[in-house]
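The values are calculated or read from the model by the stated rules, or taken from the named source; none is laboratory data. Computed from a predicted structure; not experimentally measured. In this analysis, Cβ positions are derived from the backbone assuming ideal geometry, glycine residues included, and neighbour counts consider all displayed protein chains. The accessibility values were calculated without ligands, DNA or RNA, using every heavy atom of the protein model including side chains. Shrake-Rupley method; radii C 1.70, N 1.55, O 1.52, S 1.80 Å.
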Amino acid sequence: MKILITGASGLIGSAVVQAALASQEVTELILAVRHPLPGTDPRISQVLVKDFLQTKDLTESIRKADALIWCLGISQTQVSRSDYEKITYDFTVAMIRACLENNPAIRFVFVSGDGADRTEKSRTLFKKLKGKAENALLQSGLHSVIIARPDAVRPRGKNKRAPFAYKLAYPFFPLVEWLAPHKIIWSDVLGRALLKLAKNGIHGSTVENTELRKLGQPQ
């Protein structure tokens, strides 16, 4: 199976890469990245994409991929409102169009988030734009769309690229997991869950955090 991944350098994307490398079913892993990533596994290939609004460099990768796992994203605290909308919504729409033109049968696994608002009326920018992106996918005409909605992602190791607010939250993860375990998902568990969705699909289109926790348990 050939899988295309965006956001491979981030917390969730890197967890997906590790899960994919541990799977014998994955024959090729195509990473769409803005900067080259270190890696020696022969199954990995990288495509440099300077601007995800321009998807021409990804045409061949989209055509041969069986699934796309969209992990590209950023905290709204790290960029301006306009940049956040471009990254969260406009980039997604550009990739939808590229998939429709080149491989409408590709399985598109989109990493959204808990509370995404498909009414697009939320006052929280994250919820509003994630809901808007979900709507674009579900109405796109692509043959297979899966929306994954993780809640708080707890990293197995600290990510130097994590936003400052997220780093401040690290010490509180154990407390939250003790009080409300259904709200937390470990990064490696999420990585395995997303890979499983890409490989096998699922009945329905939206997978919430509780189900992701179950899907990502080691076999």
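In terms of solvent-accessible area of protein heavy atoms at a 1.4 angstrom probe, what is the ranking of Thr40, Thr59, Thr77, Thr210, highest value first?
The residues order as Thr40, Thr77, Thr210, Thr59, largest area first.
Given that compact globular proteins tend to follow 2.2 N^0.38 Å, what is the ratio of the alpha-carbon Rg of the stretch 1-123 to that value?
The value comes to 1.06.
How would the stretch 178-219 be classified by its alpha-carbon gyration tensor: rounded, prolate or oblate, with rounded meaning a/c under 1.5 and the a/b versus b/c comparison settling the rest?
Verdict is oblate for the stretch 178-219.
What size of dipole, in debye to the nearest 20, comes out for the chain about its Cα centre when the only charges are +1 on Lys and Arg C-beta atoms and -1 on Asp and Glu C-beta atoms?
Around 380 debye, computed over the chain.
Say a paramagnetic label sat at a point 7 Å from the Cα of Lys50, along Cα to Cβ; which residues of the stretch 92-110 have their backbone N under 20 Å from it?
92, 94-95
Nearest 500 deg cm²/dmol is fine: what mean residue ellipticity at 222 nm does the chain get from its DSSP H runs of n ≥ 4 alone, each adding -39,500 (n - 2.57), divided by its residue count?
Counting only the DSSP helices, I get -10500 deg cm²/dmol.
Accessible area, 1.4 Å probe, largest first: how do Arg213, Arg97, Arg154 sort?
Arg97, Arg213, Arg154
Using only alpha carbon positions, build the gyration tensor of the chain, then give the equivalent ellipsoid semi-axes as the square roots of 5 times its eigenvalues, largest first, whole angstrom. Walk me through the numbers on the way to the answer.
Numbers: eigenvalues 116, 85, 63 Å².
Equivalent ellipsoid of the chain: 24, 21, 18 Å, largest first.
How far, in nm, would the chain grow between His143 and Val93 when pulled straight, counting 0.36 nm per residue and subtracting the alpha carbon separation? Show your work: numbers first, answer last.
Values: separation 50, 0.36 × 50 = 18.00 nm, distance 1.56 nm.
Between His143 and Val93, full extension yields an extra 16.4 nm.
Going through the DSSP H helices of the chain, which span 15 Å or more along their own axis at the Cα atoms while scoring at least 1.0 as a mean Kyte-Doolittle hydropathy?
Sorted by number, the helices that extend far enough and score high enough are 11-21.
In 5 Å bins starting at zero, report the fraction of Cα pairs in the stretch 1-55 per bin as a rounded %.
4, 20, 33, 25, 12, 5, 1
Longest segment of the chain with no GluC sites (Glu not before Pro) in a DSSP loop having at most 16 other Cβ atoms within 10 Å?
121-219
Can you list residues from other chains, or at least 5 along the same chain, whose modelled amide H is less than 5 Å from the amide H of Ile44?
Result for Ile44 returns Leu29.
Quick one: Cα centre-to-centre distance for the stretch 189-209 and the stretch 1-40, in angstrom?
16 Å
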